[in-house]
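Step one of this worksheet: look at the structure below.
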Amino acid sequence: MRRPPKDTLESNRIVTRRALVMGAAQLGLMGALGLRMQSMQIEHADEFRLLAEENRINVRLLPPDRGLIFDINGVPLAVNEQNYRIVMVREDAGDIEEVLGRLTKLVDLPDEVVARAIEEINRRSPFVPVTIVDRVSWEDIAKVTVNAPALPGIIADVGLSRHYPQGADTAHVVGYVGPVSDYDLSRIDDQDPLLQIPKFQIGKTGVENKLEQTLRGSAGTRRIEVNALGRVMRELDRIEGQSGADVQLTLDMKLQSYVEARLEGESAAAVVMDLENGDLRAIGSAPTFDPNLFVRGISVADWRGLNEDIYRPLSAKSVQGTYPPGSTFKMITALAALEAGVLTPEETIYCRGFTEVSGTRFHCWRSSGHGNVNLHESLKQSCDCYYYELGLRTGIENIAAMARKMGLGLRHDIPMSAVASGLAPDRVWKREVRGEEWRIGDTVNASIGQGYVLASPLQLAVMTARLATGRSITPRLVHSINGIEQPSGAGESMDVNENFLRRIRQSMFDVNNHSRGTAYGSRIVVDEARMAGKTGTSQVRRITPEERARGVTSNSDLPWERRDHALWVNFAPFDNPRYAVAVIVEHGGGGSTAAAPIGRDITLQALYDGEPPLSAYPSNVRGRIAEQQERIRNRVVAGQTTNTRA
Amino acid sequence: MSYLEYNARYVPVGFRKLLYLNWPVIILLTAVSGAGFLMLYSVAGGSATPWMEPQIKRFGLGMALMLTIAMVPIWFWRNMAALAYIVSFLLLIAVEFFGSTGMGAQRWIDLGFMRLQPSELMKVGMVMLLAAYYDWLPLKKASHPFWVLIPLFIIVLPTLLVLSQPDLGTAILLVAGGGAVMFMAGVHWAYFATVIAAVIGTVVAVFESRGTAWQLLQDYQYRRIDTFLDPSNDPLGAGYHITQAKIALGSGGWTGRGFMQGTQSRLNFLPEKHTDFIFTTLAEEFGFIGAFALLSLYALIVLFCVISAINNKDRFASLLTLGVAMTFFLYFAVNMSMVMGLAPVVGVPLPLVSYGGSAMLVLLIAFGLVQSAHVHRPR
């Protein structure tokens, strides 16, 4: 069949026309493609290049070395210890169960550790190193290294981890570090990318926590090229970070250790302050705990043990605990009265065993009364009635103002956790906080450091330091950061009549050195080391009239938690004061029997910079002291790895 | 139109036919394939295996097939058109029942030495049958509704099979390729206007039906559409492919990052970097200049085919040439649009460059037919 030529011509015409239309359409589309290329590759090339670089380059943080913490003599309190661990890379291992089986023959690994490791290894990408076991001994690492050919994919790795060589002795001051938690991140406003590193260690308590920014340092970065799966192809460059600053504390580890040792067995706290510059030489709180447990991840049993102990080992009672200061507050009341001009030092007030104020009887500790007492006798014998009268004369506002001047009722700025502000109560406080009006009985109670008055051992040490020097000494815990000394706490001379202060100091001297002083039993018999102090016994309960009538006032008859707190403050040597000491024994009973001996021992230890000779003690106690010294010498401290007293 | 129409005296015979081949097209095809080999070498990290070497072998085989087919007179192929279509169609049905599953779709039959995708064969078979149909059909009947219905069936039947695999990309190519042949054959404009209107209606229906019991597409296809419309809303999930492809392409700049220096492909950020997304590697490593050069090569291939078709007075030959050119155009246009974020990711390879046996062989066979049409054109 032959098509008519006309038809063929017509067909060719149509095909040509339509083909040209189609070709034009195709050209248009290709033009669009070309324009798109031009737009993406030329106009927006920089943006896409940037995105490609972001894809390709991963910035890994290099955690800085955490700053070290030393005592005043350079004894290490917190260090970074090399920590060996065994790591496995799945893709190099081949049969992981087989390799792990061989590993367990060399190194003793619990089954659950192996099971957890297998789970973790299978969950991660094959090239990600997974830690099988942490804190491995050097011997085990050596075995693994020697047998490396039989253990493909197993790597002996070394990292740094925090260690506290002084163990329990510095737990409350230095604190401890732990892995950053979601709670930490929600609580602190800190943009540091280091915190995003899983298990990055940050300070949780104490100096570690308060000086976190100083100790942490800044992250270095490592730019690495990664592929789409995150595998590292190569390192492009590396910027080293800045190590954390080293911190030198004012603590004297030898003394600190002694204080902890001396407090052991009690629920107690003691603070030793250097009168020259406010340096805190020892901040003890007992019982204590091993901070290294927390760094490793504390077991539930250990945690429960620490948390449920009624002696509250986790609490730093030295700065966190607040107690009614009891008779140790009497210097404040006396000074306030003298400064207010309502009292002369020689003036006597009659004590008949109690004082009646608007129908309520306020008792003196000695129910038979002290008779006529002047300032000197009132402090020496700790007469309560004398101070009730002073309180009524002086008024609470003057007393509270003097308390604050002496460093009570306000928070001292030292880098420890939850430093308490205590309380120097006045009318405004009671109205605003309690919603009640101030009553005259409150003043009477406050004048002997009871009622609403609260102070921490740290504050009592500051008070004693200010009384001893007449300067507004402030406590200092950080001596220097990276070798740069921090401002001294020496303080300016206070606007207080030096004559009055001298009277009070003399009375405090007799508290300790006069045969009728309340702390005569805890005196020091070396003339250059004699101390001046004040006992305190603060009630934690009200003695009801019925109880008083029955005569059940003896502490030993009461359950522990209802017994009185025993307090003691002193400074020494009297002639040339160097140290202020404050001691509290929770529910310890009388200040003269429970707290003063501790204060004396600590003072002697500080003055002699080590174990004092027995000749410093009155002859009747030397036998007991010798035994005590022997016991302390042989003491074992939880978590301590270096013996600073050797 | 039968062979009687040819003036046989003017048709070259024997090896003289080699001189009458459309050489520019052969050179262009070789150039494009060569670019493909280079890219396959690059994405393999500078290695001939696993992709470049088999691809070269297939190219050699394909070239041999092309030349063989070119030697056979075009009227023979016209007579084979119906057979080619029927065989392709049966294979498409076979793949429904015996096909292997890959990437969630039943697409190929394993022949042992290669995986055959009948849907690729169908692209050629359908173009051949349509060209033969319009060659047979008197011109004035071309726009008659009844005679329009027949080619519609020829297009729709295999398309439905392909869609059921499911393979949206090939289905689009089949419909567009077939439609182009009908258009070129002179079917009235109004039909195409109607179809385009219907397509728009369907698109609306597809979106409207989403989430209902009678939804028209698979979930993954909807996700691909979502991704296309806004790749940034799921950069690590479904949008990953297109986002990374655009980054690779865009980061090429004017001159590219250099051969084998493309970080996106070398570090495996690119998906399917040796198949559907190979163009992004080329664009990343050779920049705008390289990408535009490849586009130009493609354009020249289409141009030479169109010129050959216009100059060919045989209706079957010119329709076939135009149909093949159109199919080829659709391949690279859809692929490039897809990787440049202008079209949804529908799984269309870059012709002759992407790694893959069926597509390359079938394309070279199709160009064999184009060559045969060129060699045996009436003079």
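Derivation of every value follows stated rules applied to the coordinates shown; laboratory data play no part. As the structure is a computational prediction, the values presented were derived from the model and not from experiment. Cβ sites come from the backbone with ideal geometry, for glycine too, and all protein chains shown count toward neighbours.
Note on B:VAL156/B:ARG379: beta-carbon distance plugged into 1/(1 + (r/R0)^6) with R0 of 51 Å gives a FRET efficiency of 0.85. Taking every alpha-carbon pair under 8 Å whose residues sit at least 6 apart, chain A reaches a relative contact order of 14 percent. Using θ = phi - 60° in the Karplus curve 6.51 cos²θ - 1.76 cosθ + 1.60, the 3J(HN,Hα) couplings for the stretch B:320-326 round to 4, 4, 5, x, 5, 4, 5 Hz; x is entered for Gly and Pro. For chain A, the membrane-span-like helix rule (DSSP H, alpha carbon extent of at least 30 Å along the helix axis, mean Kyte-Doolittle at least -0.5) picks out A:5-38; this says nothing about an actual membrane.
For chain B, the Kirkwood radius over C-alpha pairs fed into Stokes-Einstein at 37 °C and 0.692 mPa s yields D = 152 µm² per second. When the helices of the protein assembly as shown are scored as -39500 (n - 2.57) per DSSP H run of n ≥ 4 and the total is divided over every residue, the value at 222 nm lands at -15000 deg cm²/dmol.
Set Lys and Arg Cβ to +1 and Asp and Glu Cβ to -1, take the dipole of the stretch A:253-638 about its Cα centre, and tell me which of A:ILE283, A:MET402, A:SER447 lies farthest positive. Result: A:SER447. Distance between the modelled labels on B:PHE192 and A:GLU528, one decimal in nanometres: 11.6 nm (7 Å Cα→Cβ projection). The fewest-to-most ranking of A:THR221, A:THR205 by surrounding Cβ atoms within 10 Å reads A:THR221, A:THR205.
Any idea how far the Cα center of the stretch A:485-512 sits from the one of the stretch A:333-363, in Å? Using only Cα atoms, the two centres lie 23 Å from each other.
Per the Kirkwood formula applied to alpha carbons, the stretch A:57-244 shows a radius of gyration over Rh ratio, Rg over Rh, of 1.00. Taking amide H positions as modeled 1.01 Å from N, with prolines and chain starts lacking one, the residues under 5 Å from A:LEU423 and 5 or more places away or on another chain are A:GLY409, A:LEU454, A:ALA455. Under the convention that each Lys and Arg Cβ holds +1 and each Asp and Glu Cβ holds -1, the size of the dipole of the protein assembly as shown around its Cα centre is about 3480 debye. By the count of neighbouring beta-carbon atoms within 10 Å, fewest first, B:VAL204, A:VAL342 end up ordered B:VAL204, A:VAL342.
Using 0.36 nm per residue and subtracting the Cα-Cα separation, the extra length available between A:TYR183 and A:GLU347 on full extension is 53.1 nm. Less than 5 angstrom separates the built amide H of A:GLU81 from those of A:SER161, A:ARG162, A:HIS163, all sequence-distant by 5 or more or on a different chain.
Note on A:LEU236 and A:VAL540: the model spin-label points, each 7 Å out from Cα along the C-beta direction, lie 6.3 nm apart. Applying the Karplus relation 6.51 cos²θ - 1.76 cosθ + 1.60 with θ = phi - 60° to the stretch A:474-486 yields 3J(HN,Hα) values of 10, x, 10, 10, 9, 6, 7, 10, 6, x, 9, 5, 7 Hz, where x marks Gly and Pro. The length gained by stretching the chain between B:PHE259 and B:LEU300 to full extension, at 0.36 nm per residue less their Cα-Cα distance, is 12.3 nm. Per residue, the convex hull spanned by the alpha carbons of the stretch A:274-317 comes to 75 Å³.
The count of lysine pairs in chain A with alpha-carbon distances below 17 Å, taking only pairs 8 or more places apart or on different chains, stands at 5. Within straight-line reach of B:LYS123, meaning a Cα separation under 26 Å, sit the following lysines at least 8 residues removed in sequence or on another chain: B:LYS57, B:LYS141, B:LYS273, B:LYS313. Using the Cβ-Cβ distance between A:THR360 and A:SER421 with R0 set to 35 Å, the FRET efficiency works out to roughly 0.75. Max-minus-min Cα coordinates of the protein assembly as shown on each principal axis give 152, 67, 48 Å, with the largest extent listed first.
In the stretch A:253-638, a dipole from Cβ-located charges (positive for Lys and Arg, negative for Asp and Glu) runs towards its positive end, and of A:ALA519, A:PRO475, A:ILE349 it is A:ILE349 whose Cα lies farthest in that direction.
Placing R0 at 56 angstrom, the Cβ-Cβ distance between B:ASP226 and A:GLU98 gives a FRET efficiency of 0.75 after rounding to 0.05. When only the Cβ of Lys, Arg, Asp and Glu is charged (+1, +1, -1, -1), the dipole of the stretch B:118-210 relative to its Cα centre reaches about 200 debye. Computed extension gain for A:LEU229 through A:VAL636, at 0.36 nm per residue and net of the alpha carbon distance, reaches 141.3 nm. For the pair the stretch A:261-281 / the stretch B:135-202, the C-alpha centres are spaced 97 Å from each other.
Considering only C-alpha atoms, what is the centroid distance from the stretch A:79-121 to the stretch A:380-402, in Å? Each part reduced to its Cα centre gives a spacing of 70 Å. Taking the three principal axes of the alpha carbon atoms in the stretch A:253-638, the coordinate ranges are 60, 46, 45 Å, sorted in descending order.
Couplings for the stretch A:358-363, taken from phi via the Karplus curve 6.51 cos²θ - 1.76 cosθ + 1.60 with θ = phi - 60°, read 6, x, 9, 8, 10, 8 Hz in order; Gly and Pro are left as x.
Spin-label model, A:GLN628/A:SER368: points 7 Å from Cα along the beta carbon direction are separated by 2.9 nm.
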